[in-house]
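Trainee: For reference, the structure I am asking about is given below.
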Amino acid sequence: MDGGHFIPKGSSSRWALEEQNVHPQCKGCNGFGMKHGSAEAQYTMWMMDWYGRDAVEYMLSTKKDPVKFYASDYREMIADWEEQIKAHERRIGERR
């Protein structure tokens, strides 16, 4: 699995690291499918179903808005992601 970005990370500092913008995607869909196949349209429809049309339109309308992150912002994000990983590891471990 890849971390598939709805709004490509290279085209938006605003959304590159936002969880709402990144979802599991197979390598084929994330690569070739987004550029040459139907994955982009399918991803857009899924985003609208999951988050709603207003949220998707907001993401698209703000994708060029610059955002400045500081070292403390990155440390906070990393700490949050590490906690989420631990929670999922515990959750998965409890099922086995």
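Trainee: Can you run down the residue pairs with Cβ atoms below 6 Å, 6 or more apart or on separate chains, where the first is in region 44-55 and free of Cβ contacts under 8 Å to residues at least 40 places away in the same chain and the partner is part of a helix (DSSP H, G or I)?
Mentor: Qualifying pairs under 6 Å: Met48/Val56.
Trainee: A further question follows. Do you know which residues across region 20-55 are surrounded by fewer than 12 Cβ atoms within 10 Å (Cβ to Cβ) and under 19 Å from Asp80 (Cβ atoms)?
Mentor: Within region 20-55, Pro24 is the sole residue that qualifies.
Trainee: Cβ-Cβ below 9 Å, separation at least six or inter-chain, first residue in region 7-36 and among the hydroxyl-bearing types (Ser, Thr, Tyr), second in a helix (DSSP H, G or I) and surrounded by 15 or more Cβ atoms within 10 Å (Cβ to Cβ): which pairs?
Mentor: Every condition considered, the pairs that remain are Ser12/Asn21; Ser12/Met59.
Trainee: When region 74-96 is examined, which residues are found to be over 21 Å from Gln25 (Cβ atoms), surrounded by 12 or more Cβ atoms within 10 Å (Cβ to Cβ) and modelled with pLDDT under 95?
Mentor: Of everything in region 74-96, nothing turns out to be over 21 Å from Gln25 (Cβ atoms), surrounded by 12 or more Cβ atoms within 10 Å (Cβ to Cβ) and modelled with pLDDT under 95.
Trainee: Please list, ordered by residue number, the helices (runs of 4 or more DSSP H) wholly in region 29-96 having 2 or more residues that are touching a Phe, Trp or Tyr at 6+ places or on another chain (Cβ under 7 Å).
Mentor: Answer list for region 29-96: 39-51.
Trainee: So, one more: Out of all the residues in region 36-56, which are among the charged types (D, E, K, R) and within 16 Å of His5 (Cβ to Cβ)?
Mentor: Across region 36-56, the qualifying residue is only Glu40.
Trainee: Go over the candidates Ala41, Ala71, Ala87, Ala79 one by one and state the one that is in the same structural domain as Ser13 (by TED's automatic domain parsing) and among the aliphatic types (A, V, I, L, M). First the steps, then the outcome.
Mentor: Working: Ala71 fails: in the same structural domain as Ser13 (by TED's automatic domain parsing); Ala87 fails: in the same structural domain as Ser13 (by TED's automatic domain parsing); Ala79 fails: in the same structural domain as Ser13 (by TED's automatic domain parsing).
From the options Ala41, Ala71, Ala87, Ala79, the qualifying one is Ala41.
The values are calculated or read from the model by the stated rules, or taken from the named source; none is laboratory data. For clarity, every value in this text was computed on a predicted model and none was experimentally measured. When we count neighbours, we look across all protein chains shown, and the Cβ atoms used for this are built from the backbone with ideal geometry, even at glycine.
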